[in-house]
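J.: Handing you this structure, nothing more for now.
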Amino acid sequence: MSKYTREEVLEKIRNRESLAGADLRKINLYREDLSGANLKAADLSGADLREAKFTGTNLDQANLSEANLNEANLWEANLVKADLSGAKLARANLWRAKLAEANLSGAYFLRADLGFADLNEANLEEADLGLANLGGADLRRANLASTNINGTNLWEANLYGATLAGANLRGANLSGANLRSCDLRLADLTQAKMAGADLTGANIWGIGHTGWIVEGLKAGYVYNYKGAKLTEGIKGKTRIPPNRSFNRGEFQEWLSKYLPFKTAALKAVPFEYVPKIFISYASEDELTMRAIDQCLRNKGVRVFIDERNFIGSETVCHEVINLLKGKGVVVFIYSKSAADRSYTEFEKLIDREREFIISKGQEKRNILIYFCIDGTPLPAKLTRRLIIKAATMSFPEACQKLWRAILEQGGGFEPTDLAQYNEITPWKR
């Protein structure tokens, strides 16, 4: 089937004609109204759908991978089994949307509204749900492994049997949530609101629980096992308590003595002061950027990159300056590829902002960090900068130094689960 133009699509929608299976790759439908349209199995990959209206639209099995749906209205849209991998959905309205079995891996949902959405068995692995609303959502058996759920509202959400291994739930509101039989291994629940939540049957090996609000927290029993699967033999040895249920208040007492593998990511940093980082990089160094981005997000850091958070160079400059004024930090991934670029106005602007802050004596902190992944000399124009010579370090060592530089402290680093880079650094792949 030939590709449709924007005008052809709008004409068909006006005439209430079906667009099922249509080839709409990279189409620009910015701010258009597609409410009630039949787009079943349509290919909208890479499309510009910002602020578009999809109220009640049928997108069953549609391909929306890498599409830009920032601020789109998908209220009660049918997205069952749709592919939204890598899509941008910041501030999108997905209230009561049907997303069962959808592929949302790597999608970006900053401040999106997913209230009462159906996410049963959806794949949200490595998605960013920071500050999103998932109150009352159905997340039964969903995969949220390594997902960022920092500050997210999961009030009374149903997460029965969901996979949350390694997820960042720092500051999340899980009051009244159903977490029965969840896989919470190594999840960071620091400062999470857990009042009235039910953890019965959950595997909580290695979780971070500093600062929980636990009034009314329920748990008949839990498991403490580092493996992914609980066989019958293992269940008998790792079930706590082994042959009975917790007595009133006993779970909280046991939990305070537990956690030999505490998540130390930001345990000394209040949630409202979680660092905000912008990563600047050359396109040739994207693999390094992705690895550092994931490492920092695993720590609970709010990470900003141009392709995911901003549209247009002017927006980037404006937003990054605001980020610096709000105690943010810019990390430049520096290499031969980066040096081959001209000394851009953006970098000059960042450098001038740093000099201004120091000259005014407002504060003495790191706002500009050069993460050097080869031996390329730094620009001579820069007089004040913090340099991390990552080229001479392993990936965990380089990340440790970066982490300490961001927090401006000498400790507090805990290696993340990025074993693939232990032997071969991402900048040498």
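The values are calculated or read from the model by the stated rules, or taken from the named source; none is laboratory data. Not measured: the values here are computed from a predicted model. Cβ atoms come from the backbone with ideal geometry, glycine included; neighbour counts cover every protein chain shown.
J.: If you go through region 1-39 one residue at a time, how many are of a type outside the set (Gly, Ala, Ser) and either in a loop (DSSP other than H, G, I, E, B) or in contact with a Pro (Cβ under 6 Å, 6 or more places away or on another chain) (or both)?
T.: Taking region 1-39 and keeping what is of a type outside the set (Gly, Ala, Ser), we get 1, 3-17, 19, 23-34, 38-39.
Now drop any that are not either in a loop (DSSP other than H, G, I, E, B) or in contact with a Pro (Cβ under 6 Å, 6 or more places away or on another chain) (or both), which leaves 1, 4-5, 15-17, 19, 24-27, 29-32, 34, 39.
Residues that pass the stated criteria total 17.
J.: Right, here's the next one. Could you check region 98-114 and list, in sequence order, the residues that are within 11 Å of the chain's Cα centre (by Cα) and either surrounded by 24 or more Cβ atoms within 10 Å (Cβ to Cβ) or not in a loop (DSSP other than H, G, I, E, B) (or both)?
T.: ALA107, TYR108, PHE109, listed by residue number.
J.: Here is a follow-up. Among the residues that make up region 234-250, is at least one of them part of a loop (DSSP other than H, G, I, E, B), surrounded by fewer than 19 Cβ atoms within 10 Å (Cβ to Cβ), modelled with pLDDT under 90 and under 24 Å from the mean Cα position of the chain (by Cα)?
T.: no
J.: Mind checking which residues of region 161-206 are part of a loop (DSSP other than H, G, I, E, B) and in contact with a helix residue (DSSP H, G or I) (Cβ under 9 Å, 6 or more places away or on another chain)? Quick ask: steps written out before the conclusion?
T.: First, pick out the residues of region 161-206 that are part of a loop (DSSP other than H, G, I, E, B): 161-162, 164-167, 169-172, 174-177, 179-182, 184-187, 189-192, 194-197, 199-202, 204-206.
Within region 161-206, GLY166, ARG170, GLY171, THR190, GLN191, LEU199, ILE204, TRP205 meet the criteria.
J.: Within region 108-157, restricting attention to residues that are of a type in the set (Ser, Thr, Tyr) and in contact (Cβ under 8 Å) with a residue 60 or more places away in the chain, which residue is nearest to ALA177 (Cα to Cα)? Before the answer, list the steps.
T.: The first filter runs over region 108-157 and keeps only residues of a type in the set (Ser, Thr, Tyr), leaving 108, 146-147, 152.
Going one step further and asking which of them are in contact (Cβ under 8 Å) with a residue 60 or more places away in the chain, we end up with 108, 146.
Working: TYR108: 23, SER146: 19 Å.
Across region 108-157, the extreme among qualifying residues is SER146.
J.: Here's a follow-up. Restricting attention to region 54-78, and to residues there that are acidic (Asp, Glu) and within 21 Å of the chain's Cα centre (by Cα), which single residue is surrounded by the fewest Cβ atoms within 10 Å (Cβ to Cβ)? Even if it seems obvious, please write down each step before you answer.
T.: First, the residues of region 54-78 that are acidic (Asp, Glu): 60, 66, 71, 76.
The next check asks that each one be within 21 Å of the chain's Cα centre (by Cα); those that pass are 66, 71.
Values: GLU66: 20, GLU71: 18.
Across region 54-78, the extreme among qualifying residues is GLU71.
J.: Right, something else. What residue, of LYS40, LYS81, is under 21 Å from ILE13 (Cβ atoms), among the basic types (Lys, Arg) and more than 17 Å from the chain's Cα centre (by Cα)?
T.: On the way: LYS81 fails: under 21 Å from ILE13 (Cβ atoms).
Criteria check complete, one pass: LYS40.
J.: Step by step: first the residues of region 154-164, then only those that are over 14 Å from ASN120 (Cα atoms) and surrounded by fewer than 24 Cβ atoms within 10 Å (Cβ to Cβ), then the one that is farthest from the chain's Cα centre (by Cα). Which residue is that?
T.: Of everything passing the filter in region 154-164, GLU156 is farthest from the chain's Cα centre (by Cα).
J.: Can you work out which of the residues in region 1-44 that are under 22 Å from GLU71 (Cα atoms) and in contact with a helix residue (DSSP H, G or I) (Cβ under 7 Å, 6 or more places away or on another chain) is surrounded by the fewest Cβ atoms within 10 Å (Cβ to Cβ)?
T.: The selected residue is ASN28.
J.: Within region 42-92, which residues are in contact with a Lys or Arg (Cβ under 7 Å, 6 or more places away or on another chain) and of a type in the set (Ser, Thr, Tyr)?
T.: SER45 - this is the single residue of region 42-92 that is in contact with a Lys or Arg (Cβ under 7 Å, 6 or more places away or on another chain) and of a type in the set (Ser, Thr, Tyr).
J.: Just need a number here: residues in region 115-137 that are part of a strand (DSSP E or B) and either at pLDDT 95 or above or touching a helix residue (DSSP H, G or I) at 6+ places or on another chain (Cβ under 6 Å) (or both). If you could, list the steps in order and put the result at the bottom.
T.: Our first condition is that a residue be part of a strand (DSSP E or B); within region 115-137, this holds for 118, 123, 128, 133.
Narrowing the set further to residues that are either at pLDDT 95 or above or touching a helix residue (DSSP H, G or I) at 6+ places or on another chain (Cβ under 6 Å) (or both) leaves 118, 123.
Residues in region 115-137 being part of a strand (DSSP E or B) and either at pLDDT 95 or above or touching a helix residue (DSSP H, G or I) at 6+ places or on another chain (Cβ under 6 Å) (or both): 2 in total.
J.: How about region 154-173: which of its residues are at pLDDT below 90 and at negative phi?
T.: If we filter region 154-173 for residues that are at pLDDT below 90, which is where we start, we get 155-156, 165-173.
Listed by number, the residues that qualify are TRP155, ALA165, ALA167, ASN168, LEU169, ARG170, ALA172, ASN173.
J.: Here's another thing I want to ask about it. Restricting the search to region 285-343, which residues are modelled with pLDDT under 65, farther than 26 Å from ALA172 by Cα, outside any helix (DSSP H, G or I) and hydrophobic (A, V, I, L, M, F, W, C)?
T.: Listed by number, the list holds a single entry, ILE311.
J.: On to the next question. Could you tell me whether LEU89 is surrounded by 24 or more Cβ atoms within 10 Å (Cβ to Cβ) and under 20 Å from ALA137 (Cα atoms)? Break it down stepwise before answering.
T.: Values: surrounded by 24 or more Cβ atoms within 10 Å (Cβ to Cβ): yes; under 20 Å from ALA137 (Cα atoms): yes.
Yes; evaluated as a whole, the condition is true for this residue.
J.: Still on this model: For region 40-68, enumerate the residues that are of a type in the set (Lys, Arg) and either in a loop (DSSP other than H, G, I, E, B) or touching a Pro at 6+ places or on another chain (Cβ under 8 Å) (or both). Reasoning before the result, please.
T.: First, the residues of region 40-68 that are of a type in the set (Lys, Arg): 40, 50, 53.
Hits for region 40-68 are LYS40, ARG50.
J.: Turning to a different aspect of this structure: Determine, yes or no, whether SER45 is of a type in the set (Gly, Ala, Ser), at pLDDT 95 or above and more than 20 Å from ILE13 (Cβ to Cβ). Explain how you work it out, then say what you get.
T.: On the way: of a type in the set (Gly, Ala, Ser): yes; at pLDDT 95 or above: yes; more than 20 Å from ILE13 (Cβ to Cβ): no.
Here the answer is no, as SER45 does not meet what is asked.
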